[in-house]
Amino acid sequence: MTIVITAFELSPDGGMGLARDTRVRWALEEVGRPYEVRLVSLQAKNEPAHLRLHPFGLIPTYEEGDLALFETGAIIFHIAEHHAGLFPDDANARARAITWMFAALNTVEPPILDLVTARFAEGDKPWAEERLPLVKDRIRDRLVQLSARLGDADWLDGAFSAGDLMMVSVLLRLRPSGLLDEFPKLAAYVARGEARPAYERAFAAQWAINAGNPQAG
Ligand SMILES: N[C@@H](CCC(=O)N[C@@H](CS)C(=O)NCC(=O)O)C(=O)O
């Protein structure tokens, strides 16, 4: 059955791979499933056809036969459940990989998204400059803890899993801020993720669409 995902017609990141279709592309590449992409404009994502797939008018979505999913956590969980390569065979190790997926999305990503909001949505507010260090420190708190847990290991819990795929994807969003470079073990962890051939293919596919997007910045 053909898999179709949605992505921005032009990602505002200019091809850095930070839009969340990249993590879904990466998961599909890891498990060797071909997919098609339907590009959605900023206007079309809020029109009824897309809202039927994604009630919040966001990307990415995932369609496979009569199944339609939204939320990258649910999409990558589904991919990992149905194909070998992203969840370990051992039941407890699999449960821990799922725990890391949730940790990435529920504990690490929120302060990182707050930085994006502070910069781009609130950057012109009179209090923005004062708030920024607080937002950055909340991210640092999480990175200190994550770095301590990772230690010198390559991946968070044994072999690479969907938990790492999600965590690396979330941490990548920090790259433009320079914060990741304050944590050499995490920077190396992200670099290991980016060096995986499946990530490289996913990145190249989104780059082919987004490179040179004039909105980049
Ligand atoms: N929690 C959702 C977030 C989806 C999301 O925020 N997507 C962004 C692109 S990376 C989007 O569509 N932004 C457009 C907007 O906010 O209008 C997920 O993980 O799928």
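A single entry from 111, 60, 55 fulfils the requirement of being in contact with a strand residue (DSSP E or B) (Cβ under 6 Å, 6 or more places away or on another chain) and not hydrophobic (A, V, I, L, M, F, W, C): 60.
Checked against the criteria, residue 77 does not count as among the aromatic types (Phe, Trp, Tyr), near the ligand (Cβ under 9 Å from one of its atoms) and within 19 Å of residue 25 (Cα to Cα).
In segment 7-28, which residue that is among the hydrophobic types (A, V, I, L, M, F, W, C) and part of a loop (DSSP other than H, G, I, E, B) is nearest to the ligand (Cβ to nearest atom)? Checked segment 7-28; the qualifying residue nearest to the ligand (Cβ to nearest atom) is 19.
Here is a yes/no grid of residues against (1) within 14 Å of the chain's Cα centre (by Cα); (2) more than 10 Å from the ligand (Cβ to nearest atom); (3) exposed (fewer than 15 other Cβ atoms within 10 Å of the Cβ); (4) β-branched (Val, Ile, Thr):
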| site | (1), (2), (3), (4) |
| --- | --- |
| 41 | no, yes, yes, no |
| 87 | no, yes, no, no |
| 91 | no, yes, yes, no |
| 94 | no, yes, no, no |
| 101 | yes, yes, no, no |
| 109 | yes, no, no, no |
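Selection of segment 112-132 for residues being surrounded by 13 or more Cβ atoms within 10 Å (Cβ to Cβ) and of a type in the set (Lys, Arg) yields 119, 131. Residue 31 - would you say it is among the hydrophobic types (A, V, I, L, M, F, W, C), under 18 Å from residue 199 (Cβ atoms), more than 16 Å from the ligand (Cβ to nearest atom) and at pLDDT 95 or above? Considered against the rule, which asks whether it is among the hydrophobic types (A, V, I, L, M, F, W, C), under 18 Å from residue 199 (Cβ atoms), more than 16 Å from the ligand (Cβ to nearest atom) and at pLDDT 95 or above, residue 31 comes out as yes. For segment 142-154, the condition of being surrounded by fewer than 19 Cβ atoms within 10 Å (Cβ to Cβ), farther than 19 Å from residue 73 by Cα and within 15 Å of the chain's Cα centre (by Cα) holds for none of the residues. When residues in segment 51-74 are screened for being surrounded by 15 or more Cβ atoms within 10 Å (Cβ to Cβ), in a helix (DSSP H, G or I) and within 10 Å of the ligand (Cβ to nearest atom), 2 of them pass. Checked against (1) in the same structural domain as residue 203 (by TED's automatic domain parsing); (2) surrounded by fewer than 18 Cβ atoms within 10 Å (Cβ to Cβ); (3) of a type in the set (D, E, K, R), residue 23 meets all criteria but (2).
The values are calculated or read from the model by the stated rules, or taken from the named source; none is laboratory data. Predicted, not measured: the structure shown is a model, and the values here were computed from it. Every residue, glycine as well, gets a Cβ built from its backbone with ideal geometry; the counts of neighbours run over all protein chains shown.
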